[in-house]
Structure formats: structure tokens, C-alpha cells
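Structure first, then comments.
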Amino acid sequence: MYGINHKINDPGLYLLSDIVEEQLNVYVKALADTPAEDKERIVQLEHAISIYQGELDKFKQEIEDQKKERFQFSVEEIYAMYGQYERKFISIEFHKYSESAQKYGRNISGIILYGKAEREALEQVIQSGNVPRTNGLVKFESTDEYLSKEQQEQLKNEGFVSGDIYEVLATNLPAPKAFGQVGKKEIPNTIEIKMDPTGFDVNRSNHWLLGQKIKSGYPLTDDEWAKFCGLSFYLEPESVNFDVIQNKGFSEDGKKTSLSRFFELEAKLYAKDISAEEMQEFNEFLKERKAVRIEAIVKEIKRSTNKTLDKFKEEYPEIYKALEISRIEFDNETLAYHNVVKPIYWDYEGFLHIYLRHCDELAIEGHFENKTKFQYSYKDIRRILKIAIENLLPQINDRLSQGKDFRIYGDKSLYFNGNHYSLHVLENGRIAAFHPLENPQDEAK
């Protein structure tokens, strides 16, 4: 799509297609609303629709061809990585244009189901040393609220084709293998809320959401205030006269703050309403952020692994690739803002520290090592971190209200799904560290 060579295992594979589809829907709606006599406008819209649709069609075919040549997940690999563990709760993302996605939606969460004979057969296969790659059916138990009873029954009785899977997310915690062993380990169910952005105006949605937080009295981080001001500059130009915008969006010299200007230009970029001069200015902001983030990556790699950047790239190419993506895509994010003393958030520095610790401690070994990309997933780490914050919120609030850091570790660490977790929140609400304590040595780190 647009000259990019897509691979079916690329992180963020469907990000560009989502954006293109969103813009295509805008043009389709505009065409439907255009009077028949405005022929020039109709021709322009039809041309734009043709271009966007053509790019999407080429992208769909490209992905379909790759899936036929070598799909990502076989029945045997799914069993070896998840199915052999009793009631292993996972979240599956299907390839966007697959039959399974059309039938069940792009994301489902739940537990893989096996009959006794099926489990025994798979056990023999993965222990044989000669493991085939079968693009077969996987049966699944899901209680996702957006699935109908009929869809849930279809998943249980018919399942889906393993080759339709794009990515698997799981909390990679020590899970007992119940098959052939005494006792079971129950993994608590979680509800993963997904939002399909198709048809939404991203700028107005973000502006409305931040405005609602302000109206409700929720505290905002400096980044959120800058984003609100930047969106206001673009969407509501008259807002520059409002007191709150004057206080939060301008510096003492009367100029827009750098961060609020960055978000204003970003909004224009998303709306495809940015001039060549503004694009150049925005690129300068991105260059500055790139330099800062590369410095942070170098610092954290040395801190976590004592390796140079080049050595780390050579030894951990997949992790490095994901870091490169995170450098571009990561946004400082508030992870808890409801019923908090201060917003609890993570920035890029905190994200890097957490991310690299998880990569180091939770890597899968053995035959299926090349299938571990979900372990390094931003979404996976973020999900566990949010659960930890929600569980510890009263204690965090108590410390932050006293102007103190919050720390939990050792015997008092948070227990979740078979692991004890250490969490450190600075007095300003920033996440400084979060990692599992697997052994006494980890507690001393």
C-alpha cells in the first residue's frame, strides 16, 4: 500500500489500512451528500474514492497471497504455546480481512477448547520432534459481550481456522500444564474493550473526551492539557481568547507552547489540512523527539542489558524492530484518571524500562521461540500494568496524597495470575518501574 512492502507479521500491519478506510468512508459519505448538479465535486470525490479503494484492494490481495504461502499460526503451534496449559486465557486478533474476522470481529478473548483424543494426538505430535504446520480448526470458548449466543456456540462447536490469526496476546506467566498432572490453575477472566475507529473524527473525538474530563473535574497531565489546547487551536480558533487556553496553551512571552503547537500540527496532519510550511515545522518537532527518544533507548538498553545499541540490534532484532516502532508511535498516556489523586501515567522513559524488562524475563525458549512477538507487545504490557494500577489504586492514592512515591515489592508485592509484581509510581503519578518478581535476585534490582 502506497509503496510499502507489507509483511503479515509486521507490528501495526493494519494501522495504515484503518486510516485509509476511515478517509474512504469520509469521501463516500461526502459523495452521497453532494447534490447531483455539482458535477465537478462529484468527479473529484469519485476519483479520490477510486484511488483509496484501489490501494485497499491491492493491500488485501497482498496479505491474502502471503497467508496462502505461509500463514503465521498452525494448530500445533497454538497448542504448544497456549493450549497445553489449563484454561490459558488469551486474546486473539484476526487478520482484518479474514473469514474469521468477518464472522466474529477482529478480536476475541477466551480459552482454547480440546477434547481428550484431540489433546492426546497433539501431545504426541509436539513431542515427536517432527512437527507439521496444519492450517486447521481451533475451537474456542469466549464470553465477550459483543458476541451473540449463536457466535459463542459456533466458536465452541466449529471454531476458526488457525491461519486467520494475526496476533495472540497473553499474560506470559508461569502456568502449570494440567494435562497428565494433578490440579488446575484458573486464570481470572478479563474483559478487553476494543473500539473500531472507522467513521470517527479522531481530532474531534479526542477533543471531546479531554473536554469531558475537564468538565468532570478529572486531573489532566501536562501532555493532556497541551493536546487539548492544540486541538482547540485547530478545531475552535476562537478558543485562543478563553482563559483556560491562555493559561495552559501559551507561555509567558505570549507564544503558543511548543507542545501545544505540536498537537495543533498533528491535528492538521490527521485532518489532511496541513500546509507545506507547517509540515516542515512538524517534521522539525519529530526530529527533536526522535533524538530524545533514541537517547532514551540507548540509555535504557545500557541500563537493562549493558549492551551497545548496535550489539542489542544484532542479538535481538525483533525487539529492536518493536522499539523502532514504539519510538514513532508511542504517546504519553494516562492509565488511570478516575477516582485518583493525580493522573497515573507512563511516558516513553518509563515504557522503555518496563518493556525491556519484560522482554528479558518473559522470553519463550525452545522450538517456538520465533513466535514470541506478543510478549514484546505494547498492548500486552499495558494491559497487565493497568490491572495492577486498578488493584492498587487506594494504596497509590494514599501515598500520592501525601506527596510521596508509591512502591510495592517483596512480600507485599501484587499477586496476579501466578506472579508477584513490583510497582513504583513517582509522587507526580508517573510510572517509574513495573516488573514481575520471579526470584529473590529480581527483588534486588
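The values are calculated or read from the model by the stated rules, or taken from the named source; none is laboratory data. Given the structure is predicted, the values throughout are model-derived calculations rather than measurements. In this analysis, Cβ positions are derived from the backbone assuming ideal geometry, glycine residues included, and neighbour counts consider all displayed protein chains. All accessible areas refer to the heavy atoms of the entire protein, side chains included, with ligands and DNA or RNA removed. Shrake-Rupley method; radii C 1.70, N 1.55, O 1.52, S 1.80 Å.
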Search the structure for amide H atoms under 5 Å from the amide H of Ile165, placed 1.01 Å from N in the peptide plane, and list their residues when 5 or more places away or on another chain. Phe73, His95
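Can you give the FRET efficiency for Ile214 and Val28, using 1/(1 + (r/R0)^6), R0 = 25 Å, r = Cβ-Cβ distance, to the nearest 0.05? Could you put the intermediate results ahead of the total?
On the way: r = 34 Å, r/R0 = 1.36.
With R0 = 25 Å, the Cβ-Cβ based efficiency is 0.15.
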Give me the accessible area of His424, 1.4 Å probe, in Å² rounded to the nearest 10. 20 Å²
Work out how much length Ile42 to Asp273 would gain on full extension: take 0.36 nm times their residue separation and subtract the Cα-Cα distance, in nm to one decimal. 81.1 nm
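If the chain between His6 and Glu62 were fully stretched, how many nm would it gain, using 0.36 nm times the residue separation less the Cα-Cα distance? Intermediate results must be reported in sequence, preceding the final value.
Details: separation 56, 0.36 × 56 = 20.16 nm, distance 0.79 nm.
Stretched out fully, the His6 to Glu62 stretch lengthens by 19.4 nm.
Just to confirm, what accessible area per residue do you get for the stretch 11-69 at 1.4 Å probe, in whole Å²?
Result: 62 Å² per residue.
Please work out the ratio of the alpha-carbon Rg of the stretch 1-147 to 2.2 N^0.38 Å and round it to two decimals.
Working: Rg = 20.8 Å, N = 147, 2.2 N^0.38 = 14.7 Å.
Output field value: 1.42.
For the stretch 75-170, what is the per residue volume of the convex hull drawn over the alpha-carbon atoms, in cubic angstrom? Please report the intermediate quantities before stating the final value.
Working: hull volume 8.6 nm³, N = 96.
With only Cα atoms used, the stretch 75-170 gives 90 Å³ per residue.
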Low-density loop chymotrypsin sites (Phe, Trp or Tyr not before Pro), the stretch 1-73, at most 16 other Cβ within 10 Å, DSSP non-H/G/I/E/B, are Tyr2
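Take the Cβ-Cβ distance between Ile328 and Ile51 as r, set R0 to 30 Å, and report the resulting FRET efficiency rounded to the nearest 0.05. Display every interim value, and only then the final one.
Numbers: r = 25 Å, r/R0 = 0.83.
Efficiency for this residue pair is about 0.75.
Suppose all protein chains stay in the model; what accessible area per residue would a 1.4 Å probe give for the stretch 202-436, in Å²?
Working: 12340 Å² over 235 residues.
Per-residue accessible area for the stretch 202-436 comes out at 53 Å².
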Cα-based Rg / Dmax (Å) for the stretch 11-69: 14.4, 49
Report, to the nearest whole %, how much of the accessible area of the stretch 75-170 belongs to carbon and sulfur atoms, 1.4 Å probe, protein only. 45 percent
Two pseudo-spin positions, 7 Å from Cα along C-beta at Arg70 and at Lys156, lie apart in nanometres by 3.8 nm
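Using Cα-Cα distances under 8 Å and only pairs 6 or more residues apart, what relative contact order does the stretch 75-170 have, in percent? Write down the numbers at each step before the final one.
Working: 142 pairs, mean separation 36.9, N = 96.
Here the relative contact order equals 38 percent.
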Quick one: accessible surface of Tyr345, probe radius 1.4 Å, all protein chains present, in square angstrom to the nearest 10. 40 Å²
For the stretch 202-436, what log10 I(q)/I(0) values come out of the Debye formula at q = 0.10, 0.16 1/Å, with one point per alpha carbon and no solvent? -0.56, -1.25
Amide H to amide H under 5 Å from Arg430: which residues, 5+ apart in sequence or cross-chain, H placed 1.01 Å off N in plane? Tyr345
Segments 290-298, 123-131 sorted - mean Cβ within 10 Å per residue, highest first: 290-298, 123-131
3J(HN,Hα) from dihedral phi, the stretch 130-145, Karplus parametrisation 6.51/-1.76/1.60, rounded to Hz, x for glycine, proline: 10, 8, x, 10, 9, 8, x, 7, 10, 8, 8, 10, 10, 10, 4, 5
Could you order Met279, Met81 by accessible surface area, starting with the largest, using a probe radius of 1.4 Å? Met279, Met81
Roughly how many Å² is the accessible area per residue of the stretch 75-170, as a whole number, for a 1.4 Å probe? 43 Å²
Under 5 Å from the placed amide H of Asp405, counting only residues 5+ away or on other chains, we find Glu427
Can you list the HN-Hα couplings for the stretch 279-288, worked out from phi with the Karplus curve (6.51, -1.76, 1.60; θ = phi - 60°), rounded to whole Hz and with x for Gly and Pro? 5, 5, 4, 5, 4, 5, 4, 5, 5, 5
